[in-house]
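The values are calculated or read from the model by the stated rules, or taken from the named source; none is laboratory data. The structure presented is a predicted model; accordingly, all values stated were derived computationally and were not measured. Positions of Cβ are generated from backbone atoms using ideal geometry, with glycine treated the same way; all protein chains shown enter the neighbour counts.
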Amino acid sequence: MLSKIVKRKDIEFLATKTVILNKDGIIEKISRDIISHLGFSEEQIVGKHLSEVFPDLKINLNGKQSHIENYKINDSNYVVNIIPVMPSGYILIFLSESGLKKISKIYEFERVNKELNSIIESCYDGIYVTDNQGNTLRLNKSFERISGLSKEQLIGKNVMELVNQGILADSATHKVIKTKQPVTIIQKVKSGKHLLVSCCPVLDDKGEIFRIVTNARDMTELNNLREQLQESQTLAEKYHSELTILRQQKQISKKIITKSSEMKRLVEVCRRLADFDSTVLILGESGVGKGLIARCIHDLSPRCSESFVEINCGAIPENLLESELFGYEAGAFTGANKKKKMGLFELAHKGTIFLDEIAEMPYNLQAKLLRVLQEKEIRRIGGLKPVKVDVRVIAATNKDIEEMVNRGRFREDLFYRLNVVPITIPPLRQRREDIIPLAINFLEEFNKKHNQKKHFTEEVLQHMMFFDWKGNVRELKNLVERLVILSKNDVIDINDLIFIDKRFRKSEKQFFKKDNNYDMLTLEEAKKEFEKNLIMSVVQKVGSMRKAAEVLGVNPSTISRKLRK
């Protein structure tokens, strides 16, 4: 009988508003609440067809799907849920508006409870809940994973019981019960793990503890994460440093063409210098590339986004140099602009100033430059107030500045102030490995500039290699441009080279002479002279150092090294 279903406790509320029909629509049972609204006795209703008792209620007795109908009994509105229970019959549940609200609350409670359970179970941290006495009510799977303890071991047990049994070394929950304040401790569990435990009380409306919620995280995992983070940061810093160095090397390689080990060491020194604001003094013959090195240091430094101001101290008349460097106030001297003018030191503020040919600076002006280096401030001509400047100073000269100091032509105190980090650029003749790469680089540059497609013969490059470049890199660059412009053919040969610069006819005789004169030489000197003439003679005949090395049975680097000597 379907009437037995309504007697279950879990649907007791619904049973008070229920009608049970057999498969033919005959009423088998009806709840007292419905009977009281109809005004009939149970005996008058049971056994009758549904249509006799509820004439306006539409129900499909052949249907197999639940459906809902609205129905009014006297002045009360009901929602009737018709549920087929085939083949036995049907259950009709009459719900009033208040009943619907109660059911909605039940469903909402179930939904919220289910959502809360999902949230607790999805937490990566362990969640552990007790009542106000410390009795374990619930815990999530993460707590089981972190602590190594199961729900069966914990639920229903008091935290102090767990401590006494040695399952927990200490109890933050017990501390919260005493203090009613949040507590955080490092707690050791039976598995040997150390947990970071944060325990918080949940208070009721009276301010009394209702629940105690504990959040637990494995310190081992935290330590591993911290170590991994530190390793990642270290690795990232390493990669960043290496990437910075590679980027700097790429920037340098585009500007400074070199194959010689000495120049490579000098470039590395410049790269390291770039990170510091120390004053640099660049020494070397005219044309070796002192300005290029200064610019390279600036471009690799933290000041690279600021101004790089260059001035040739020997190219400006003495009476104008001071105003160019330090500026002047309006009307400071005859011929001065009516408006004040900033000097190059002010223009270079936050950046770099390159003082080329510093040895040519007038002696009386050197004292003012010394003050700038010491005090980090300048005073305009005609000005009363000093102006602070933040400038990195790079100076350069092709003179023997120490000799000038000894002769009293350059201030000793200024020399030591400038000579913080001296750099000496070797002349081109002392780094012959760089001659051919530089020549080819200049050839590509001027081909592009003048829209040409010219190239050197190997013989031309060999003659360039043996030539003593007194004008250094600048002289080589100028020669290459002349060859690109004046040579008639795309192939630049030795005839073009000699036609452009007659000195190469002399150099050919000088480097490849065949006459041997060993008079008044020691045996060792004669051996060296013979070796030199032999190597140069073979190189001249075969046209390259590589082929000469094959003829003489030595390594090409040996030929190159001996030719440099």
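Tabulated data
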read-out: Some residue of segment 183-202 being at pLDDT 85 or above and either within 30 Å of Pro302 (Cβ to Cβ) or exposed (fewer than 15 other Cβ atoms within 10 Å of the Cβ) (or both); value: yes
read-out: Residue within segment 383-406 that is touching a residue at least 12 places away in the same chain (Cβ under 8 Å), in contact with a Gly (Cβ under 6 Å, 6 or more places away or on another chain) and over 24 Å from Val288 (Cβ atoms) present; value: no
read-out: Segment 124-158, residues that are aliphatic (A, V, I, L, M) and modelled with pLDDT of 85 or more; value: Ile127, Val129, Leu137, Leu139, Leu154, Ile155
read-out: Any pair with Cβ under 7 angstrom, 6 or more apart, that starts in segment 184-212 at a residue that is under 15 Å from Gln133 (Cβ atoms) and ends at one that is among the small types (Gly, Ala, Ser); value: Cys199/Ala172
read-out: Residues of segment 156-182 that turn out to be surrounded by fewer than 20 Cβ atoms within 10 Å (Cβ to Cβ) and either under 46 Å from the mean Cα position of the chain (by Cα) or in a loop (DSSP other than H, G, I, E, B) (or both), as a count; value: 11
read-out: Verdict on Leu61 being in the same structural domain as Asn22 (by TED's automatic domain parsing) and surrounded by 14 or more Cβ atoms within 10 Å (Cβ to Cβ); value: yes
read-out: Any chance Glu403 is in contact with a helix residue (DSSP H, G or I) (Cβ under 8 Å, 6 or more places away or on another chain), closer than 25 Å to Arg474 by Cβ and surrounded by fewer than 17 Cβ atoms within 10 Å (Cβ to Cβ); value: no
read-out: Hits in segment 499-530 (condition: touching a helix residue (DSSP H, G or I) at 6+ places or on another chain (Cβ under 7 Å), modelled with pLDDT of 70 or more and in a helix (DSSP H, G or I)); value: Ile500, Phe504, Arg505
read-out: Per-region count, segment 278-302, residues among the small types (Gly, Ala, Ser) and assigned to a helix (DSSP H, G or I); value: 2
read-out: Verdict on Phe415 being of a type outside the set (Val, Ile, Thr), surrounded by 14 or more Cβ atoms within 10 Å (Cβ to Cβ), assigned by TED's automatic domain parsing to the domain that holds Thr279 and not in a helix (DSSP H, G or I); value: no
read-out: Residue list for segment 483-498, restricted to those being outside any loop (DSSP other than H, G, I, E, B) and surrounded by 15 or more Cβ atoms within 10 Å (Cβ to Cβ); value: Leu483, Val484, Ile492, Ile494, Asp496, Leu497, Ile498
read-out: Of all residues making up segment 39-53, the number that are surrounded by 15 or more Cβ atoms within 10 Å (Cβ to Cβ) and in contact (Cβ under 8 Å) with a residue 24 or more places away in the chain; value: 2
